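Structure first, then comments.
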Amino acid sequence: MTQLIDGKKISQEIKDELKEKVAELKEQGIEGALAVIQVGSDPASSVYVRNKKRACEYIGIRSESYELPEETTEEELLTLIEKLNKDPKINGILCQLPVPAHMDENKIIRTIAPEKDVDGFHTQNVGALVVGQQGFVSCTPAGVIQLLKRSGIEIAGKNCVVVGRSNIVGKPMALLMLRENATVTICHSRTADLKAVCKQADILIVAVGKPKMITAEYVKEGATVIDVGIHRQEDGKLCGDVDFEQVEPVAGAITPVPGGVGPMTIAMLMNNCVEAMTR
Ligand code: GUN
């Protein structure tokens, strides 16, 4: 029987653990607040932002919302971030991406103080991950590690193939698997014979942004398959980067979409917020 990795259940466990921790901190007089910035009104971003604020409420930390109009200038946004950097009541700052085209995303990320960068996007936090020092880790890949560990899947010594090399998922994912002592291969659009490389994987992690790209031919019998993708199909249903119906019978363990990796991202954001409170 293929093991279904339940991200909904695991993310709930994590949020409940964090809720307890926040209550303990409160007793010690330590309180936290997350500043959530959204520029413009992209509907998908609005859903993410709402869910992030709800999660804050659930675990018991305050969130401050900054909903800025699309026409906000980069300078205005940077001024707000600098003000929040200096505000001792704020321990986490998050600017929902993407920002409008007239803004430089890298500049915005660079301006957030690294010790408040709960997304783990600042080069100082990325650098800390590379050299194995303490810092905030990007939430989605950190969530994948928790899914594997809490599902009893051994990582050390395993062949791990990561498909996708984005700054937010693929690259930090590979570094985290390396930190857990996996043997790691990163694949991308220029990889020769992607199928053959994927078929070597004991743990296959897919973050390419292409609906149902990974079919049964890419998967070794008994492999663990982690699907980071999420897409809305024409019939309105959601699917991932992995063709679940085809791959599930071949895999040893697999994440569904929805209900796999998705809910973990916010749980790990909350984890980073609590870490920011205790530092
Ligand atoms: N846009 C898509 N994913 C993310 C995320 O994890 N954090 C932020 N800030 N923006 C995003």
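Scanning region 133-161 for residues that are away from the ligand (no atom under 13 Å from the Cβ) and either at pLDDT below 95 or of a type in the set (S, T, N, Q) (or both) gives Gln133, Gln134, Gln146, Ser151, Asn159.
Only one entry of Gly7, Gly29, Gly40 meets the criterion of being at pLDDT 95 or above and farther than 26 Å from Ile230 by Cα, and that entry is Gly29.
Evaluating Tyr66 against the criteria (1) hydroxyl-bearing (Ser, Thr, Tyr); (2) under 21 Å from the mean Cα position of the chain (by Cα); (3) over 16 Å from Ile266 (Cβ atoms) leaves one unmet condition, (2). All conditions but one from (1) closer than 19 Å to Ala142 by Cβ; (2) free of Cβ contacts under 8 Å to residues at least 12 places away in the same chain; (3) hydrophobic (A, V, I, L, M, F, W, C) apply to Ala174; the one that does not is (2).
Which residue pairs have Cβ atoms closer than 6 Å, lie 6 or more positions apart in sequence or on different chains, and pair a first residue in region 125-152 that is free of Cβ contacts under 8 Å to residues at least 12 places away in the same chain with a second residue that is surrounded by fewer than 24 Cβ atoms within 10 Å (Cβ to Cβ)? If the second residue must be surrounded by fewer than 24 Cβ atoms within 10 Å (Cβ to Cβ), the pairs left are Ala128/Gly135.
For region 85-100, residues that are out of contact with any Asp or Glu (no Cβ under 6 Å at 6 or more places or on another chain) and within 15 Å of the ligand (Cβ to nearest atom) total 6. Restricting attention to region 238-258, the residues that are over 17 Å from Asn159 (Cβ atoms), in contact with a helix residue (DSSP H, G or I) (Cβ under 8 Å, 6 or more places away or on another chain) and open to solvent by 10 Å² or more (accessible area, probe 1.4 Å) add up to 5. Residues of region 118-132 that are over 14 Å from Asn272 (Cα atoms) and either touching a strand residue (DSSP E or B) at 6+ places or on another chain (Cβ under 6 Å) or more than 16 Å from the ligand (Cβ to nearest atom) (or both): Gln124, Gly127, Ala128, Val130, Val131, Gly132.
Scanning region 223-237 for residues that are open to solvent by 50 Å² or more (accessible area, probe 1.4 Å) and either among the hydrophobic types (A, V, I, L, M, F, W, C) or in a loop (DSSP other than H, G, I, E, B) (or both) gives Ile230, Gln233, Glu234, Asp235, Lys237. Give me the residue from region 1-45 that is open to solvent by less than 40 Å² (accessible area, probe 1.4 Å) and small (Gly, Ala, Ser) and, out of that set, farthest from Met270 (Cα to Cα). Among residues in region 1-45 that are open to solvent by less than 40 Å² (accessible area, probe 1.4 Å) and small (Gly, Ala, Ser), the one farthest from Met270 (Cα to Cα) is Gly40. Taking (1) within 16 Å of the ligand (Cβ to nearest atom); (2) modelled with pLDDT under 95 in turn, Arg279 satisfies each apart from (1). Scanning region 46-60 for residues that are over 10 Å from Leu94 (Cβ atoms) and either among the acidic types (Asp, Glu) or open to solvent by less than 10 Å² (accessible area, probe 1.4 Å) (or both) gives Ala55, Cys56, Glu57, Ile59. For region 127-222, the helices (runs of 4 or more DSSP H) that sit wholly inside it and include 3 or more residues that are crowded, with 23+ Cβ neighbours inside 10 Å are 139-150, 170-179. Within region 104-111, one or more residues are within 16 Å of the ligand (Cβ to nearest atom), under 30 Å from Val22 (Cα atoms) and open to solvent by less than 20 Å² (accessible area, probe 1.4 Å). Among the residues of region 245-271, the one identified as in contact with a strand residue (DSSP E or B) (Cβ under 7 Å, 6 or more places away or on another chain) and part of a helix (DSSP H, G or I) is Val247. Scanning region 24-63 for residues that are under 21 Å from the mean Cα position of the chain (by Cα) and of a type in the set (S, T, N, Q) turns up Gln38, Ser45, Ser46, Asn51, Ser63. For region 71-88, give me each residue that is within 25 Å of the chain's Cα centre (by Cα) and open to solvent by 20 Å² or more (accessible area, probe 1.4 Å). Once the filter is applied, which keeps residues that are within 25 Å of the chain's Cα centre (by Cα) and open to solvent by 20 Å² or more (accessible area, probe 1.4 Å), region 71-88 yields Leu78, Leu80, Glu82, Asn85.
The values are calculated or read from the model by the stated rules, or taken from the named source; none is laboratory data. All values derive from a computational prediction rather than experimental measurement. No Cβ is skipped: glycine too gets one built from the backbone with ideal geometry, and neighbour counts run over all protein chains shown. We work out accessible area using only protein heavy atoms, side chains counted, and drop any ligands, DNA or RNA first. Shrake-Rupley method; radii C 1.70, N 1.55, O 1.52, S 1.80 Å.
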